[in-house]
Structures are given as structure tokens and as C-alpha cells.
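Participant: Dropping a structure here in C-alpha cells format, bear with me for questions.
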Amino acid sequence: MGKFDGVLLASDFDNTLLYTEDSLRTGAPVPPLPERNRQALEYFMAQGGRFAVATGRALPAFLRHAGDVPMNAPGVVCNGAAIYDFEQGEYLETAMLDAAARERGQAVLDRFPGVAVEAYHIDNVIHVVRPNDISRQHERMTGVALAEAPSLLEVPLPLGKLLFEAEHETLEQVLAFLKDQGWAEDYELIFSVSHLLEMTTRGANKGGMVRRLAARLGISMDHVYCAGDEANDLSMLRSAAEGFAPANASAAVRASGATVVCGAREGAIADVIAILDRKYS
């Protein structure tokens with residue numbers, strides 16, 4: 001029996017577990033996991049804790065890093081559209097967009113000529129319609145080739161999420177346009193970073209899927225802790241017994257009541273585990 005038996009820690013990947021902002025912006029290689037985090041995670045798991053990644057990335061964009069991350073629980077991928085068991089190599093749960101999402105996403109492209117969209121498939125293919133500079137930077141950073149399609153209407157189903165790509169000011173207009181539609185409440189609409197706007201089915205968010213993961217593991221939400229840095233992490237930070245944010249988190253996350261620790265570059269998850277170590281001593 002270890003001190004962390006019955007405890008689940010779920011962490012966002014980009015800019016929380018490790019700092020990838022420079023890679024996203026420039027296409028530079030993704031840095032390795034901070035050694036502080038690695039050692040802390042190994043200690044946490046050796047003491048009975050369960051560690052899961054909860055990422056906005058599609059599965060193929062995270063899989064190339066999965067081998068470098070110590071974890072012993074299934075993960076939340078595609079911003080809450082699925083739970084994936086890395087040990088068994090299979091999806092445990094999925095929450096797909098409805099068929100109408102293609103037409104609705106295409107309406108955004110028709111209205112905003114400078115916007116690109118990535119369409120994420122459960123079969124690990126990512127299509128892109130009208131790619132722009134942000135799409136190509138994102139492609140270089142994730143290392144996953146995008147399959148170009150002439151229209152969202154020609155992208156096959158099922159889809160886990162749509163990812164709109166443009167500068168933040170344009171995406172704010174896209175968000176306002178989407179919210180003006182009578183069907184907006186059918187979806188989760190959230191920024192993962194300033195230039196990426198995500199669309200998943202209603203209820204498919206990190207918080208909802210972390211709850212379902214905890215239930216699968218038989219862990220009470222009283223002993224679930226989450227860490228994240230962006231608006232798409234707020235649902236799980238608010239669901240947790242305590243939420244944590246790296247110092248580099250967005251203003252909205254830092255103002256959410258999350259406990260702020262050191263930055264992702266310095267090993268934020270190690271700080272989180274040090275706090276839990278004192279809590280469960």
C-alpha cells in the first residue's frame with residue numbers, strides 16, 4: 001500500500017507537463033520531459049498513484065511522445081472526445097460530433113476566408129481544409145501529416161473534433177458567429193491556445209472525460225487532481241478536488257482559483273506532486 005493509493009492526477013500535455021509553445025510557434029523540436037517531472041511521476045506511481053495525460057491533441061499527435069511520459073492510466077485525448085488505453089492500444093470511450101458538424105464547420109470557412117480547419121478522425125487520420133501558416137506550423141510541431149481535403153463536406157465521418165486555425169482576433173469573430181447560431185449549444189467551443197478554437201460535441205470536454213476515467217478506475221473525485229494552462233483545461237480544473245496551473249498559464253486559468261506552481265519549463269508537475277506528498281503524508 002502506498003500513500004497515493006486511490007489518487008488520480010491528470011495533466012494537460014502542452015505547456016503544462018512540458019513547455020511546447022516555442023515548438024508550436026516556430027516548428028522547433030518538442031523538448032524532452034523535464035527530469036524533475038519524470039522523477040516525481042515515477043515516485044507518485046511507485047506510491048500507488050495513477051497518472052493520466054488529458055490532452056487536446058489527437059491520438060497520433062500524442063502517441064509519438066507517449067513513450068517518453070511515465071503514466072499508468074488511460075488518457076483523455078482529442079480535448080475530451082475520447083479515452084484511450086495506451087497499454088491495450090484501444091479506445092475505451094468516444095464522444096463523436098454529429099454529422100451536421102461538417103456543414104456547420106463549412107459555414108465558418110465560407111464566412112471567414114482566412115480560417116483553416118483540421119478535422120480529427122477516430123481512426124487517427126487528420127484532414128485539413130484550406131490550410132494556412134498556422135496549420136503548417138501545427139503540422140510541423142505535432143509531426144503528424146495532414147491530409148488535405150477541398151471541403152469539410154468531403155471529409156469522412158466519424159469526427160472527434162474540429163480545430164479552427166487563425167489569428168486570435170479572427171477566431172473571436174468565428175466564436176461570435178458560432179454562438180449566434182441556433183445550434184451552438186450542441187457543442188463545446190473553447191480556445192486551446194489563442195490561435196486554435198476547438199469544437200467538440202456537448203459534454204466532450206476534459207472535465208467530463210476525467211470524471212468518466214476516475215469512475216472507470218474506481219477513484220472518488222475527492223481524490224482527483226488536475227493540472228492545465230489554458231481555457232480548455234478549466235472544466236477539469238473545476239471538477240478536481242484541487243486544480244493546479246503552471247506559472248505560464250493563461251490569465252483566465254490563473255484567475256480560476258487553481259493553485260499556481262512553477263512554470264512548465266521548470267517542472268510544474270513535480271511541484272504538484274510535492275504538494276500532494278505533503279497532503280497525503
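Participant: Do you know which of the residues in segment 20-38 that are part of a loop (DSSP other than H, G, I, E, B) and modelled with pLDDT of 95 or more is farthest from the chain's Cα centre (by Cα)?
Facilitator: Pro34
Participant: I want to confirm something. Restricting to segment 117-151 and keeping residues that are among the polar types (S, T, N, Q) and touching a helix residue (DSSP H, G or I) at 6+ places or on another chain (Cβ under 7 Å), which single residue is modelled with the lowest pLDDT?
Facilitator: Out of the qualifying residues, it is Asn124.
Participant: Next up: Among the residues of segment 213-230, is any in contact (Cβ under 8 Å) with a residue 40 or more places away in the chain, closer than 22 Å to Val77 by Cβ and touching a Cys at 6+ places or on another chain (Cβ under 9 Å)?
Facilitator: no
Participant: Right, Ala249: small (Gly, Ala, Ser), under 21 Å from Leu163 (Cβ atoms) and surrounded by 24 or more Cβ atoms within 10 Å (Cβ to Cβ) or not?
Facilitator: Yes, satisfied.
Participant: With respect to Met199, is the statement that it is over 21 Å from Ser235 (Cβ atoms), within 16 Å of the chain's Cα centre (by Cα) and surrounded by 20 or more Cβ atoms within 10 Å (Cβ to Cβ) true?
Facilitator: No.
Participant: Name the residues in segment 272-281 that are assigned to a loop (DSSP other than H, G, I, E, B) and of a type outside the set (S, T, N, Q), would you?
Facilitator: Tyr280
Participant: Quick one: in segment 82-139, which of the residues that are of a type in the set (Val, Ile, Thr) and not in a loop (DSSP other than H, G, I, E, B) is nearest to Leu178 (Cα to Cα)?
Facilitator: Checking each candidate, the answer is Val108.
Participant: Could I ask something else about it? Inside segment 253-281, can you point out the residues that are surrounded by 15 or more Cβ atoms within 10 Å (Cβ to Cβ), within 17 Å of Arg238 (Cα to Cα) and either of a type in the set (Gly, Ala, Ser) or not assigned by TED's automatic domain parsing to the domain that holds Gly228 (or both)?
Facilitator: Hits for segment 253-281 are Ser256, Ala258.
Participant: Still on this structure, I have one more. Taking only segment 110-142 into account, find how many residues are loosely packed, with under 15 Cβ neighbours inside 10 Å and on the phi > 0 side of the Ramachandran plot.
Facilitator: Summing the residues that are loosely packed, with under 15 Cβ neighbours inside 10 Å and on the phi > 0 side of the Ramachandran plot in segment 110-142 gives 1.
Participant: So, in segment 1-57, of the ones that are under 24 Å from Gly143 (Cβ atoms) and of a type in the set (S, T, N, Q), which residue ends up surrounded by the most Cβ atoms within 10 Å (Cβ to Cβ)?
Facilitator: Restricting to residues being under 24 Å from Gly143 (Cβ atoms) and of a type in the set (S, T, N, Q), the top hit is Thr16.
Participant: Sticking with this structure for a sec: Counting only residues that are more than 16 Å from the chain's Cα centre (by Cα) and in a helix (DSSP H, G or I), which one in segment 39-81 is farthest from Ala214 (Cα to Cα)?
Facilitator: That would be Gln39.
One line per residue, one yes/no per condition, for (1) in contact with a Pro (Cβ under 9 Å, 6 or more places away or on another chain); (2) in the same structural domain as Ser239 (by TED's automatic domain parsing); (3) closer than 26 Å to Gly218 by Cβ:
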{"site": "Asn79", "(1), (2), (3)": "no, yes, yes"}
{"site": "Glu87", "(1), (2), (3)": "yes, yes, yes"}
{"site": "Arg104", "(1), (2), (3)": "no, no, no"}
{"site": "Pro113", "(1), (2), (3)": "no, no, no"}
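Participant: I would also like to ask the following. Looking only at strands (runs of 3 or more DSSP E) that lie completely in segment 152-271, which have at least 1 residues being in contact with a Ser or Thr (Cβ under 9 Å, 6 or more places away or on another chain) and within 25 Å of Val7 (Cβ to Cβ)?
Facilitator: Counting at least 1 such residues, we get 224-227, 242-245.
Participant: Is it the case that segment 199-209 has a residue that's modelled with pLDDT of 95 or more, out of contact with any Phe, Trp or Tyr (no Cβ under 8 Å at 6 or more places or on another chain), among the aliphatic types (A, V, I, L, M) and closer than 19 Å to Tyr120 by Cα?
Facilitator: There is at least one residue in segment 199-209 that is modelled with pLDDT of 95 or more, out of contact with any Phe, Trp or Tyr (no Cβ under 8 Å at 6 or more places or on another chain), among the aliphatic types (A, V, I, L, M) and closer than 19 Å to Tyr120 by Cα.
The values are calculated or read from the model by the stated rules, or taken from the named source; none is laboratory data. The structure presented is a predicted model; accordingly, all values stated were derived computationally and were not measured. Cβ coordinates were reconstructed from backbone atoms using ideal geometry, including for glycine residues, and neighbour counts include every protein chain displayed.
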